[in-house]
Structures are given as C-alpha cells and as structure tokens.
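Asker: Take a look at this one; I'll ask things after.
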Amino acid sequence: MNTGVIATLSPREVVRQDIAAIAAIYRNLGAPTAEQMVARALGGLALTMAGIAEKIRAQDLHDVARQLRRLKRQADDLGLVSLGLVAGDACICLERGDGTAFAAVWARLLRIADRSLPAGPGIAGQSG
C-alpha cells in the first residue's frame, strides 16, 4: 500500500564516554592545568577530524588510515569511547577497501564527532 508519504530517517547516535579518563587527568594535574590540557586535546581532536574530513572530501585517501588510528588514540586518551570505536571501525573499512562500508561508518563518525567535539569550522557538512 503506497500512501505517498516519504519517511525521513534521522539517526541519533548515543555517545559513550569514560569519565574516569578525564577524572584521572584532573586528579594528576590539578583543575587549572587539567582544564587547559583537556581543552587543547579536544581542539587537537577537532583539528584531526577536520583534516581527515578535508582529505575525504577531496577523495585523497592516502594516509587517512594512519590519521584515523591517530584520531582513535586521541579519543581513547580522553575517554571518548564512541568516537574511538567508530574511528577504528572506519580505519578497518578503509584498510579492507570496502568503500560502501567506509561511507556508512564515515557518516556515523561525523555524527559522533559532531556530538563529541567542540564546534569549529571544517567538520560540519563535510560528509565526503
């Protein structure tokens, strides 16, 4: 039965975080220093993600797997569990040469990055 209604799907990602990683940074460095370090690390993550997005948009996949592994390490260090896991999944898809799977996982990585990282130029709207 065709009713002529078009359904729009809007995936919503659940972003998992491990607050113990951030708590350890604050405990070891003290609040003022930790706050600066975490802000710098989040900014670095956002820049890494923007750089990857730019390469994908330009269809230059050379070195993207290495950058995704870097993104995963950075995310894991900050307890950004979902971001790290999906970055790892994207890397696997890319290394296996599965373009369809990579496109789907990349779209998911963009959604998770959008919810995990500070807003900044270069990430939003770079779906590749």
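The values are calculated or read from the model by the stated rules, or taken from the named source; none is laboratory data. Quantities reported herein were computed from a predicted structural model and do not represent experimental measurements. Cβ coordinates were reconstructed from backbone atoms using ideal geometry, including for glycine residues, and neighbour counts include every protein chain displayed. Ligands, DNA and RNA are excluded from the accessible area calculation, which covers all protein heavy atoms including side chains. Shrake-Rupley method; radii C 1.70, N 1.55, O 1.52, S 1.80 Å.
Asker: Round to a whole number: what % of the accessible area of segment 1-106 belongs to carbon and sulfur, probe 1.4 Å?
Answerer: Heavy-atom surface of segment 1-106 belonging to carbon and sulfur, 1.4 Å probe: 56 percent.
Asker: Compare Arg115, Arg27, Arg70 in a GNM of the chain, Cα atoms joined below 10 Å, and give the one with the largest fluctuation.
Answerer: Maximum among the listed residues: Arg27.
Asker: Hey, rough spin-label estimate for Leu61 and Leu9, points 7 angstrom out along Cα→Cβ, what's it come to in nanometres?
Answerer: Going by the 7 Å Cα→Cβ label model, 2.2 nm.
Asker: Further, regarding this structure: Just one of (i) 46; (ii) 42; (iii) 63 is percent of Cα pairs over 20 Å apart as worked out from the coordinates here. Which one is it?
Answerer: Computing percent of Cα pairs over 20 Å apart and matching it to (i) 46; (ii) 42; (iii) 63 gives (i).
Asker: When ligands, DNA and RNA are left out and all protein chains stay put, how many square angstrom of accessible area per residue does segment 19-64 have with a 1.4 Å probe?
Answerer: Value returned for segment 19-64: 60 Å² of accessible area per residue.
Asker: Counting only complete DSSP H runs, which helices of the chain cover 24 Å or more along their long axis at the Cα atoms and score a mean Kyte-Doolittle of -1.0 or above?
Answerer: The qualifying helices are 31-57, 99-116.
Asker: While we're on this one: Calculated from DSSP H runs of 4 or more alone, at -39500 (n - 2.57) each and per residue, what is the 222 nm mean residue ellipticity of the chain, nearest 500?
Answerer: -22500 deg cm²/dmol
Asker: In debye to the nearest 20, how big a dipole does the chain give about its Cα centre with +1 on each Lys and Arg Cβ and -1 on each Asp and Glu Cβ?
Answerer: 80 debye
Asker: How far apart, in nm, are the 7 Å Cα→Cβ label points at Thr33 and Leu47?
Answerer: 2.2 nm
Asker: For segment 45-112 and segment 5-31, what is the separation of their Cα centres, given in Å?
Answerer: Result: 16 Å between the Cα centres.
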